[in-house]
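Working notes for the structure below.
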Amino acid sequence: MAQAPPLHGPGRVTSLHLAARAGEPTFRVARARAVTGRGLEGDRNYWAGEGPRPRRRGTGRASGVCDVTLIEAEALEALAREHGITLAPAECRRNLVCRDIRLNPLVDQEFQIGTVILRGLKLSEPCARLEQLVRPGLIRGLLHRGGLRAEVVRGGTIRMGDRILPLPQDARQQAPPVPSLAREPSTQWRVG
């Protein structure tokens, strides 16, 4: 049986994805620019409107607003092992696939990815729409491990290979950049 990833990391970004519009397939990128209060440039959840992003955008499940979504690679591996559902990282429809860090404890916590600081807002539970877009069985297989919704507190560039570290309460405003584990990618943003 696989061992649970450590609670406090450091984790790392193993895959990064954007989707131009809601419902469209996600595509892999080598890096993405995170903008405070807006999200990832080029992503379906990016707030391009005037003024601050509204905290709600309607009613129902989709009413929650977030800048970035994350999921543990270990959750995707467990989905395959326990439910026979194999998803490529882009198919889970989360922006960042992470390894070696538990995301659920990051709700209401700030954490750093490279030079970017995010705050966990709430769990990103799987929904019927995700199941429609991808495949049946996802709700049951990803319940309570469907990832995390987060907001950008301090913007910058997120790259594949960046380290992920939870920030202690007293270090949140003064966090130095976390060195990347990846080489500087080419100027091409889209991968594959």
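Here is how the numbers come out for the structure above:
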{"quantity": "Cβ crowding within 10 Å averaged over residues, with 24-30, 145-151 ranked highest first", "calculated": "145-151, 24-30"}
{"quantity": "Residue-by-residue Karplus 3J(HN,Hα) for region 13-21, coefficients 6.51, -1.76, 1.60, Hz, glycine and proline x", "calculated": "7, 9, 7, 9, 9, 10, 9, 5, 9"}
{"quantity": "Residue-by-residue Karplus 3J(HN,Hα) for region 115-122, coefficients 6.51, -1.76, 1.60, Hz, glycine and proline x", "calculated": "9, 8, 10, 10, 10, x, 9, 6"}
{"quantity": "Carbon and sulfur %, accessible surface of region 61-111 computed with the full protein complex present, 1.4 Å", "calculated": "47 percent"}
{"quantity": "Inter-site label distance for R154 and Q109 at 7 Å from Cα along Cβ, in nm", "calculated": "1.8 nm"}
{"quantity": "Mean Cβ neighbour count within 10 Å, used as a protection proxy, ranking 92-103, 115-126 highest first", "calculated": "92-103, 115-126"}
{"quantity": "Computed lengthening from R140 to A48, 0.36 nm per intervening residue step minus Cα-Cα distance", "calculated": "29.7 nm"}
{"quantity": "V35 accessible area, assembled protein chains, probe 1.4 Å, Å²", "calculated": "30 Å²"}
{"quantity": "Sequence-distant residues sharing a close amide H with G114 (under 5 Å, placed H)", "calculated": "R163, V178"}
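The values are calculated or read from the model by the stated rules, or taken from the named source; none is laboratory data. All values derive from a computational prediction rather than experimental measurement. Methodologically, a virtual Cβ is constructed for each residue, glycine included, from the backbone with ideal geometry; neighbour enumeration extends over all protein chains shown. In case anyone asks, the SASA skips ligands and DNA or RNA and just uses the protein heavy atoms, side chains included. Shrake-Rupley method; radii C 1.70, N 1.55, O 1.52, S 1.80 Å.
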